[in-house]
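Each remark here refers to the structure printed beneath this line.
The values are calculated or read from the model by the stated rules, or taken from the named source; none is laboratory data. In this text the structure is predicted, and so the values were computed from the model without any measurement. As a convention, Cβ positions derive from the backbone with ideal geometry for all residues, glycine included, and neighbour counts pool all protein chains shown.
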Amino acid sequence: MARGAFPDSHPQHMGMPGMHGTVTAVAALQRSDLIISLGARFDDRVTGARDSFAPHAQVIHADIDPAEIGKNRVTAVGLVGDAQETIRQLINEFAARKAAGEAYDYSDFVERCNIMRERYPLGFDEPEDGSLSPQYVIQRLGEIVGSEAIYTSGVGQHQMWASQFIKYEQPNKWINSGGLGTMGYAVPAAMGAKVACPDQIVWAVDGDGCFQMTNQELATCAVEGIPIKVAIINNAALGMVRQWQTLFYSERYSSSQLPSMQVPDFVTLAQAYGCVGLRCDNPEDVDATIARAMEINDRPVVVDFRVHQDAMVWPMVPAGTSNDAIQYARDLAPNFGDDE
Ligand SMILES: Cc1ncc(C[n+]2csc(CCOP(=O)(O)OP(=O)(O)O)c2C)c(N)n1
C-alpha cells in the first residue's frame, strides 16, 4: 500500500512484505527484534500465521486510529497521531540518542539483508511457447512510462506484479485497495487520480476480471475528457483464484477461467465507449504498443495485453502458514543461512 513512501532505489529498501512480498522483506521481519510500524494493520496477508510472525520482535505501533493499536499484534508502545509528526519525533529522538552514543549498531543485520536480496531477487520465467508474459508487460510498462506516472490496479495477480515490477520512487504514485481486495478499483481510481492531477500520466493496470466490474466508467472518461490509460492484463481467467486452484486444489479449475480471450473483445468494447482500443499479444510488440498508447492524450486508451494464463505470482507464503514457509518459486524454499 505504501509503495513509494520510501523510494525503491534506497539501499535499505527491502521490498514489499507479505504473502507475495520479497524473500528479504519477509525474512527481515521474521528475524527482527524491533518493528516500528507506521500506519500498518498487521493483517494476515502480511503476518502469515500470526502466532509465528516476527517471534522475537517488540512492536512500536503508530497509527492515527487508536483502535488499530494492539488489535492484531501485542504492542510494546502505541503512538496515536499523525504519521508526519510521529516520524519527526521518532527521528529527533533517534538523532539525540545517536549523538549520545546510545544507538545500536545494525550493520550486521543490514549486511545479512543485503546478502538475501542478492540471493533472492524478484524474477519470473518467460513462457516456453513464446507467448506474452504478464510480468514482462508490467515491467516494460514501468520502465517505459517511468516512476513519475501514477499507477492504479485492481485485485489479483496483476496487482501483485504491478507492485513487484514497477519501481516507485515517490508517495501517492501507487494507488490500490491493498488487502481490502476491491475488484473494479483500477478504472475509477485512475479516473479520480487523473482529475486530481491532470498533468500527470495515469495508468490503470487491471485484470480482465476486475476490469469487467467497472469498465462502464470509461463512458464518463470519454464524455468528460479524462484521458486515462488502461493496461488490461488479459489472461482470460480470474488469475489469482486459478493460481490457488493450481497450487492447492489439484488443478480443479472451477469458475475461474473463460473459454476465450475474445469474450468480450476489449478493443471493440473500448471503441464502443469512445476510447482508443489497442491489442498486443506478442513480446516484440510490447514497447511499440505502450509507446502508441503514450502518444494518445485526447482520449482514454485501453490496451488488451493477451498474456499467458499459467504465470504465477512468486514469492508466496501459502495462506494460513508461517512466513517462514515462504517459497520463491514452486516448491523452492530459500535457504536463509541462519545456521551458517
Ligand atoms: C468483489 C470480489 N470478488 C471476489 C474477490 C476475490 N478475488 C481476488 S483476486 C480475484 C481474481 C481477479 O481476477 P482478474 O481481475 O482477472 O485478475 P488476475 O488475478 O487474473 O490478474 C478474485 C475473484 C474479490 N477480491 N472481490
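Could you tell me which residue of segment 231-252 is nearest to the ligand (Cβ to nearest atom), considering only residues that are over 19 Å from Ser133 (Cβ atoms) and surrounded by 13 or more Cβ atoms within 10 Å (Cβ to Cβ)? Can you show your working first?
Let us first name the residues in segment 231-252 that are over 19 Å from Ser133 (Cβ atoms), namely 241, 244-245, 248-252.
With surrounded by 13 or more Cβ atoms within 10 Å (Cβ to Cβ) added as a condition, the list becomes 241, 244-245, 249.
On the way: Val241: 5, Trp244: 9, Gln245: 11, Tyr249: 14 Å.
Top of the filtered list is Val241.
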Of residues in segment 253-271 being β-branched (Val, Ile, Thr) and modelled with pLDDT of 95 or more, the one farthest from the ligand (Cβ to nearest atom): Thr268
Test: residue in segment 122-140 that is touching a helix residue (DSSP H, G or I) at 6+ places or on another chain (Cβ under 6 Å), away from the ligand (no atom under 16 Å from the Cβ) and aliphatic (A, V, I, L, M): yes
Restricting segment 132-155 to residues that are touching a strand residue (DSSP E or B) at 6+ places or on another chain (Cβ under 8 Å) and touching a residue at least 60 places away in the same chain (Cβ under 8 Å), the residue that is farthest from Asp285 (Cα to Cα): Val155
Single condition Pro198 does not satisfy, out of (1) within 16 Å of the ligand (Cβ to nearest atom); (2) surrounded by fewer than 16 Cβ atoms within 10 Å (Cβ to Cβ); (3) without any contact (Cβ under 8 Å) to a residue 24 or more places away in the chain: (1)
Output for segment 279-300, where each listed residue is surrounded by fewer than 15 Cβ atoms within 10 Å (Cβ to Cβ) and part of a loop (DSSP other than H, G, I, E, B): Asn282, Ile296, Asn297, Asp298
Single residue of Val307, Val303, Val276 found to be closer than 24 Å to Gly146 by Cβ and surrounded by fewer than 21 Cβ atoms within 10 Å (Cβ to Cβ): Val276
Scope segment 301-340; condition of a type in the set (Gly, Ala, Ser) and in a helix (DSSP H, G or I); matching residues: Ala325
